[in-house]
Structure formats: C-alpha cells, structure tokens
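**Q** Here it is, the structure, as structure tokens.
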Amino acid sequence: MRFALDAEQMTFGRSLDRMFAAADTPSAVRAWARGEHGPGRVLWRRAADAGVFTLAAPGAFGGVGPLPVELGVAFVEFGRHCVPGPLVETVAATALLTRLAAAGEAAPAKEWVPRVCAGQARVTLAAPAAGPYALDADAADAVFVVTGGEESAVLRLASGHGPVRPSVDPARRLALPAVDGEPLAAGPAVREAAAHAGLWAAFATAAQALGVGHALLDRTVAHAGRRVQFGAVIGSFQAVKHRLADALIGLEFARPLLYGAAVALAADSPGARAEVAAAKAAACDAAYAAARTALQVHGAIGYTSEYDLSLWLGKARALRQAWGAPEDCRRAALELFHQ
C-alpha cells in the first residue's frame, strides 16, 4: 500500500505552512496562554478560510469529507506552527455529531456542524476518551459533554464551566464543564458516537504531535549549526549528530503509520482503532524524543519560557497524554497482531 501524499495534498500542506509561517504564531500562543484569544482567533479564521474544518464533515453539513489524509496534512502543520486552540476537539465534536446524525439524531449536527465548517463557531468536547476536562472551554462557543454508561450515555451542551487551569502546555487551558446543560441525545448511539469521536481525536493528535516533532528537530538542527563550542559548531560533533539522526528516524517511522491510519479511517476499517493507536503512540513518542533531544542540544536556554522552543516542548509533552496515554495506545495497537 502506498502512503505517499499526492501533489494536491502536498500543495495543501505547503500553503498552510506558508500561511502560518507569516502569522507570528508564537505571539498568538503566548497571548492564548494569558487568556487573550484575539490573535488565536485570527489564526482560526485563516484555517477555516483554507477549508480545514470542512475536512471532517460530510457534504450534507457543509463539509467536503470526511477526508482523514488531508486532515492529517493540516494537523501536521498545526503542530509544526504550534497553532493554539481546541483544534482536535473541534474535529472530535464534528465526528461525534455527524455520527449521531447517521444514527438518526441529526438536529445537533444541523445546528452546529455547518457553523464549524464555516469557521463561525469554535467548539470543544469533554468525552470519556479524554477525561473530565474540556480544552479551552473559555474560548469555545459551545462545550459538548458526554456522560453516563453504555446504555445511559448522554450528550449535553454544557451551561458553563469551572475555573480555567493551565496544563504542562500553558496554551492548553483546561476546565471542568458543567454537566447540567441541555441534553441533545441519549442512549447507546451516544456512546458509539463518542468512541468514534475519540478515534478521530487520537488521529488528529498524532498528526499534530508529528508536526511538533518536526518543528523541534528543525529548530534544533538550525541551533546546532550556529552554536560554537570548543572552536567548532556543535552540529559537527558525532554525539550531537547521532541524537539528531535518532530523532529524525523516529519521526520518519511515525509518518507512514499516521497515513496508514488515515487510510483505515477513510475506509472505516474494523482495524482503524488499532492503526490509529499505533500511529498516536509512535508519533507522540517521536515528538517527545525530539523534545528531549532539543532540550539537551540547546542546553539551559531551552528551559526558559521566553525562548520560543519552550512552546513546542510543552506541547510535545501534553499531546503525549491527550486522547490516549502511551500505554493505552500500545495496548490497543496490539490488536493488530491478534486479528
């Protein structure tokens, strides 16, 4: 099976790369971490104008998808440029609402998904696969919450949220949503739709982590080519070369797993859950390894919050646990070997 991107997909990725590279995303990330959402919303608007949020939704709700390969391309660029906001959660909510619509509960999707696709609404989601917190609830126009067991699962539109708490990534702002809001749907269809949403969220998180890893590696290679020690640039030292090569190999091995998972998602394959889990484990581990290498090669400067590298270091660490911890992903990936 061929996992290489075609010319149109690569052009799409390059266009997003150029757009975000010209947007001073580090300033937007720092503002977002302070609760100032204006610059981040400008980035969100640009992503919507580029059609990113249409990729997870079918045509009946204003989308062009679902197109997981193209979505993966977009989220790699989100990670590469450290774009803030509940991006993954917006995709997850879209997947949940459209899945419910396919099961006969179309009203929530009709109300919210076209607005998301058009960039007119930012939404977030608290679901069992992600724990009790909702990411960036203070910046969202709607906070969806899934509660209850297999038969008693309920999807609600939260009426509010608790205090916002920072995470290891200051730009990932967490809050406990209220669970007494308007019920939108209930029953086994909600639980199945939430599991489907978790699958798409894990995939988008893996793609975002891959982009974060590449950004960390690119910045570290550039630093190693400038930093002089003992009369030579540190990038000429074998120990540094080996660390950078190991980081690159990890990222390059994760890439085909990511796009293999995208193919499985596109086909709605029974093995999609295991393939997404393998991709997330590999991509997040590779990004975390790139972060460790970046920190070591940069030295003490890498620790400072004033230095832009810290924005990607924190994100690599946070994404590793988001929408599936490493041990859970590996356990799910083992299903590939038992089918």
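Each value in this text was obtained by applying a stated rule to the coordinates, not by laboratory testing. These numbers were taken from a predicted model, which means no experiment stands behind them. A quick note on method: Cβ atoms are made from the backbone with ideal geometry, for glycine too, and the neighbour counts reach across all protein chains shown.
**Q** Explain nothing, just the number: relative contact order of segment 182-263, from Cα pairs under 8 Å at least 6 residues apart, as a whole percent.
**A** Numbers: 31 pairs, mean separation 24.5, N = 82.
That works out to 30 percent.
**Q** What do you get for trypsin sites (Lys or Arg not before Pro) in segment 1-84 restricted to DSSP loop and a cutoff of at most 15 other Cβ within 10 Å of the site's Cβ?
**A** Values: sites: R2, R14, R18, R30, R34, R41, R45, R46, R80; in loops: R2, R34.
When the trypsin sites (Lys or Arg not before Pro) of segment 1-84 are filtered for loop state and at most 15 Cβ neighbours within 10 Å, R2, R34 remain.
**Q** Under the classification rounded if a/c is under 1.5, otherwise prolate if a/b is larger than b/c and oblate if not, where does segment 83-190 fall, given a ≥ b ≥ c as square roots of the Cα gyration tensor eigenvalues?
**A** Values: a/c = 1.94, a/b = 1.32, b/c = 1.47.
Taking the square roots of the gyration eigenvalues as a ≥ b ≥ c, segment 83-190 is oblate.
**Q** Restricting to the chain, compute how many DSSP beta bridges are antiparallel as a %, nearest 5. Let's see the in-between values first.
**A** Details: 15 of 20 bridges.
Around 75 percent antiparallel, to the nearest 5.
**Q** What are the ³J(HN,Hα) couplings of segment 34-43, residue after residue, when phi is run through the Karplus curve with 6.51, -1.76, 1.60 and θ = phi - 60°? Round to Hz, x for glycine and proline.
**A** 7, x, 9, 8, x, x, x, 5, 5, 5
**Q** Can you pull out the trypsin sites (Lys or Arg not before Pro) in segment 212-310 whose DSSP state is coil and whose Cβ has at most 10 other Cβ atoms within 10 Å?
**A** Working: sites: R219, R226, R227, K241, R243, R273, K280, R292; in loops: R226, R227.
Qualifying residues, ordered by number: R226.
**Q** Which whole-number percent is the relative contact order of segment 192-338 (Cα, under 8 Å, 6+ apart)?
**A** Values: 190 pairs, mean separation 50.0, N = 147.
With pairs under 8 Å counted, the relative contact order is 34 percent.
**Q** Something else about it: Please give the charge dipole size of segment 103-172, origin at the Cα centre, charges +1 on K and R Cβ atoms and -1 on D and E Cβ atoms. Round to the nearest 20 debye.
**A** My answer is approximately 180 debye.
**Q** Now a separate question. I need the fraction of alpha carbon pairs in segment 192-338 separated by more than 24 Å, rounded to a whole percent.
**A** Numbers: 3867 of 10731 pairs.
That tail contains 36 percent of the Cα-Cα pairs.
**Q** Still on this structure, please answer the following. Using +1 on the beta carbon of Lys and Arg, -1 on that of Asp and Glu, and nothing else charged, what's the dipole of the chain about the Cα centre, debye to 20? Mind showing how you got there, number by number?
**A** Working: 32 positive and 31 negative charges, 200 e Å.
Using Cβ point charges on Lys, Arg, Asp and Glu, the chain gives about 960 debye.
**Q** If you don't mind, another one. Towards the positive end of the charge dipole of the chain, with charges on Cβ (+1 Lys, Arg; -1 Asp, Glu), say which of V52, P170, L334 has the farthest Cα.
**A** Positive-most Cα among the choices belongs to P170.
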